[in-house]
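S.K.: First, the structure itself, so that you have it in front of you.
No value in this document is a laboratory result; all are computed from the given coordinates. Source: prediction; values computed, not measured. All Cβ positions, glycine included, derive from the backbone under ideal geometry; neighbour counts span all protein chains shown.
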Amino acid sequence: MTRTRFAPSPTGPLHLGHAWAAMVADDTGDMLLRIEDIDRQRSRPEWEAAIYDDLRWLGLDWPEPVMRQSDRMAAYGAALDVLWSRGLLYPCTCNRRDIQAAASAPQEGAPLTGPDGIVYPGTCRGASRTGPRPQGVALRLDAAVVGDLCWTERGALRTVEADAFRTGIGDVVLARRDFGTSYHLAVVVDDAAQGIDLVTRGADLEEATPIHVALQGLLGLPTPAYLHHDLVRDAEGRRLAKRDDARALASYRAAGWSADRLKARLRESRIAPD
Ligand code: GLU
Ligand code: ZN
């Protein structure tokens with residue numbers, strides 16, 4: 001059986017977009033649950049409890065124990081050590097303003113943006129890559145070491161050439177100064193550790209997939225298949241904001257919606273009922 005996962009962050013209530021993501025994961029495979037709580041500032045135990053409660057209300061279940069990213073810092077550190085010892089990472093001390101300024105220097109034209117915002121202009125690329133892995137500083141992947149990439153999206157082949165990765169995505173941060181890891185590194189290490197065959201998630205994360213496929217290659221991990229599903233929108237076609245509490249599952253529950261009716265609505269159309 002295909003193994004899929006639903007990977008919410010416990011930083012607020014689950015809304016209809018999360019419900020749809022969990023339904024897609026459950027429909028297409030055996031769904032594992034992963035709590036993505038590397039952001040210790042914004043993650044709260046009460047939101048984690050609410051996730052379990054909302055998912056059970058939807059009629060979903062999952063194997064225990066649930067993987068929690070805050071328990072996995074050693075695994076992320078080990079992956080960073082592998083990359084660092086091969087000279088593929090470098091420390092970066094730039095702040096947002098430095099990057100903005102360097103990327104918009106007159107000779108550079110309009111700054112290019114990739115999945116993480118402005119493509120990093122490479123200011124710190126010459127920093128030392130020897131000695132023990134630096135802590136308390138951001139570490140970037142040197143995109144020059146990424147080769148041609150391929151994976152499948154809904155069964156169809158996707159490719160990104162090395163050159164396109166270097167110019168359109170660039171040297172992404174794999175260890176944030178504040179978290180000691182990053183979303184990209186954690187998701188790749190954990191999808192492999194959980195044996196995920198099919199990554200299902202919202203279309204908003206599709207542009208990050210080349211980063212994940214590149215990391216799988218560099219870390220010797222298998223590349224799963226991908227399925228990016230459409231996003232739930234409001235009647236005006238706007239994506240649901242993470243903070244739109246009116247679209248929280250809890251609000252529909254409180255308004256008397258049954259799980260079956262809400263799920264039927266989502267299957268019919270990805271337009272959030274008022
Ligand atoms: N934690 C991410 C979110 O809540 C999902 C990550 C993923 O599915 O790769 O948006
Ligand atoms: Zn820098």
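S.K.: Put one equal scatterer on each alpha carbon of the range 63-143, apply the Debye formula with no solvent term, and list log10 I(q)/I(0) at q = 0.11, 0.12, 0.20, 0.25 1/Å to two decimals.
M.R.: For the range 63-143 at q = 0.11, 0.12, 0.20, 0.25 Å⁻¹, log10 I(q)/I(0) is -0.41, -0.47, -0.96, -1.19.
S.K.: Of the GluC sites (Glu not before Pro) in the range 179-243, which ones lie in a loop per DSSP and count no more than 11 other C-beta atoms within 10 Å?
M.R.: Filter output for the range 179-243: Glu236.
S.K.: Find the relative contact order for the range 142-274 and round it to a whole percent, using C-alpha pairs within less than 8 Å whose residues are 6+ positions apart.
M.R.: Relative contact order for the range 142-274 comes out at 22 percent.
S.K.: Antiparallel DSSP bridges in the chain: what percent, to the nearest 5?
M.R.: In the chain, DSSP labels about 55 percent of beta bridges as antiparallel.
S.K.: Still on this structure: For the chain, what relative contact order do you get, as a whole percent, if you take Cα pairs closer than 8 Å and at least 6 residues apart?
M.R.: So the answer I get is 22 percent.
S.K.: On to the next question. So, in nm, how far is label Asp27 from label Asp81 when the simple model puts each one 7 Å beyond its Cα toward the Cβ?
M.R.: Those two pseudo-labels are separated by 4.3 nm.
S.K.: A further question on this structure: Which value in deg cm²/dmol, rounded to the nearest 500, describes the helix-derived mean residue ellipticity at 222 nm for the chain, given -39,500 (n - 2.57) per DSSP H run of n ≥ 4 and division by the residue count?
M.R.: After summing the helix terms and dividing by the residues of the chain, the value is -10000 deg cm²/dmol.
S.K.: Just to be sure I follow the definition: excluding the sites themselves, where is the longest run in the chain that has none of the trypsin sites (Lys or Arg not before Pro) in a DSSP loop with at most 14 other Cβ atoms within 10 Å?
M.R.: 155-237
S.K.: Same structure again: By how many degrees, 0 to 90 and rounded to 10, does the Cα axis of helix 16-28 deviate from the longest principal axis of the chain?
M.R.: Taking Cα atoms only, the helix is inclined about 90 degrees.
S.K.: May I pose another question? What Kirkwood Rh does the range 15-171 have if only Cα atoms enter the pairwise 1/r average? Answer in Å.
M.R.: Computed over the range 15-171, the radius equals 19.2 Å.
S.K.: Tilt of helix 73-85 relative to the longest C-alpha principal axis of the chain, in degrees (0 to 90, nearest 10)?
M.R.: 30 degrees
S.K.: Tell me, what does the Kirkwood hydrodynamic radius of the range 204-261 come to in angstroms if you use every pair of distinct C-alpha atoms?
M.R.: Roughly 14.7 Å, rounded to one decimal.
S.K.: Calculated FRET efficiency, Glu46 and Arg133, Cβ-Cβ r, R0 30 Å, to nearest 0.05?
M.R.: That gives a FRET efficiency of 0.30.
S.K.: Tell me, what does the Kirkwood hydrodynamic radius of the chain come to in angstroms if you use every pair of distinct C-alpha atoms?
M.R.: When all Cα pairs of the chain are included, the Kirkwood radius is 20.0 Å.
S.K.: What full-extension length gain, to one decimal in nm, is calculated for Gln100 and Met67 as 0.36 nm per residue of separation minus the Cα-Cα distance?
M.R.: Residue separation times 0.36 nm, minus the Cα-Cα distance, leaves 8.3 nm.
S.K.: So if R0 is 41 Å, what FRET efficiency would Ala144 and Arg233 give, r being the distance between their Cβ atoms, rounded to the nearest 0.05?
M.R.: Result of the calculation: an efficiency of 0.60.
S.K.: For each cysteine in the chain, check whether another cysteine's C-beta sits under 4.7 Å from its C-beta; list those where none does.
M.R.: When partners are defined as cysteine Cβ atoms under 4.7 Å apart, the chain leaves Cys94, Cys150 without one.
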